[in-house]
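Below you'll find the structure, written out as structure tokens, and then a few comments.
The values are calculated or read from the model by the stated rules, or taken from the named source; none is laboratory data. Remember, it's a predicted structure, so these values are computed and weren't measured experimentally. Cβ placement follows ideal geometry from the backbone for every residue including glycine, while neighbour counts extend to all protein chains displayed.
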Amino acid sequence: MICGIDLGSRSVKLVLADSDGSIKEKHIFSTVDFYREYGRVDEEGLRIDFAKLGIEGIEAVASTGYGRNTLDVVGSMVIPELKAHVLGVVEQTGLTDFTLIDLGGQDSKVIKVRKGRMVDFATNDKCAASTGRYLENMAAVLNISMEELSKHSKDPVELNSTCAIFGESELIGRIVEGHSTAVLAAGVNASIVKRIKPMVRPLLSDTLVLTGGVALGEAMKVLLQEAFGRDVIVPCEPQLNGAIGCIRAVRMKQEKGK
């Protein structure tokens, strides 16, 4: 059994797969809860209590993600985050030429891929305004769930603030104006697309791939297609893409060693 782990800023994604890449188990934990319940840090790095997780028979482990920047998982093969996400898309879709848009909890990434390899990229980890965290905050202002927020893309109300904090104040102002929840939610989603446009345009391909928890809803896919006039593909497991990429990296290493 191969274990792929994506240590995200907001959640930890863990995937177990057979040697052929077939997924057998998948888990998503709050990052804080995962470290508290299943992780222990020593001088070598982060030790994961797989027995406590009820996981046995692991032959290889690979890890990536936000958490990987500060903590190496003991005994794991460490995969650079951008590489893991590219490999995850290749594994899930079979595509080799595309532009990946990954909207994470606290950062956003755009990666141009040719023949299965990253040729250029842009990242934004300085501001929350184009991340899942921003969407969570705005959903809270609207008093709706993230699932509900992710459904709306039609007739978006104009939101122009480029700052996550000021964006909340602007949204409250639109609420006071009497706009419906549907168009307000659409406006929030459209504001994400507006903010990542400068990152995407220089790296644009005929095919866009959307990953991250944000991709679980339909709205972002629709808005991206409208903004760039391109097909947008969402893999079957967009939130687990980094962990799946880790599994592919292990399999590639094993095949190379044969």
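Go through the residues of the range 242-255 one by one and say whether even a single one is hydrophobic (A, V, I, L, M, F, W, C), at pLDDT below 95 and out of contact with any Lys or Arg (no Cβ under 8 Å at 6 or more places or on another chain). Break it down stepwise before answering.
Initially, the range 242-255 is screened for residues hydrophobic (A, V, I, L, M, F, W, C), giving 243-244, 246-247, 249-250, 252.
Within this subset, residues satisfying the condition of being at pLDDT below 95 are 252.
If we keep only those that are out of contact with any Lys or Arg (no Cβ under 8 Å at 6 or more places or on another chain) too, we end up with 252.
Scanning the range 242-255 turns up at least one residue that is hydrophobic (A, V, I, L, M, F, W, C), at pLDDT below 95 and out of contact with any Lys or Arg (no Cβ under 8 Å at 6 or more places or on another chain).
Of the residues screened, Ile172 is one that is more than 20 Å from the chain's Cα centre (by Cα), at pLDDT below 95, within 29 Å of Asn137 (Cα to Cα) and aliphatic (A, V, I, L, M).
Within the range 176-209, can you find the residues that are surrounded by fewer than 16 Cβ atoms within 10 Å (Cβ to Cβ), touching a helix residue (DSSP H, G or I) at 6+ places or on another chain (Cβ under 7 Å) and over 14 Å from Glu226 (Cβ atoms)? If the condition is that a residue be surrounded by fewer than 16 Cβ atoms within 10 Å (Cβ to Cβ), touching a helix residue (DSSP H, G or I) at 6+ places or on another chain (Cβ under 7 Å) and over 14 Å from Glu226 (Cβ atoms), then Thr181, Leu204 are the ones that fit.
Residues are listed down the side, and each one gets a yes or a no for (1) closer than 25 Å to Asp120 by Cβ; (2) of a type in the set (Phe, Trp, Tyr); (3) assigned to a strand (DSSP E or B):
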site	(1), (2), (3)
Val12	no, no, yes
Ser19	no, no, no
Lys26	no, no, yes
Ala51	no, no, no
Gly75	no, no, no
Gln92	yes, no, no
Thr96	yes, no, no
Asp102	yes, no, yes
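Here the range 68-96 is the region considered, the condition is being at pLDDT 95 or above and of a type in the set (S, T, N, Q), and the residue that is surrounded by the most Cβ atoms within 10 Å (Cβ to Cβ) is Gln92.
You will find that of Val250, Val214, the residue that is surrounded by 20 or more Cβ atoms within 10 Å (Cβ to Cβ), touching a residue at least 12 places away in the same chain (Cβ under 8 Å) and under 14 Å from the mean Cα position of the chain (by Cα) is Val214 and no other. Residues in the range 28-44 that are over 24 Å from the mean Cα position of the chain (by Cα) and in a strand (DSSP E or B) were compared, and the one that is farthest from Glu91 (Cα to Cα) is Asp42.
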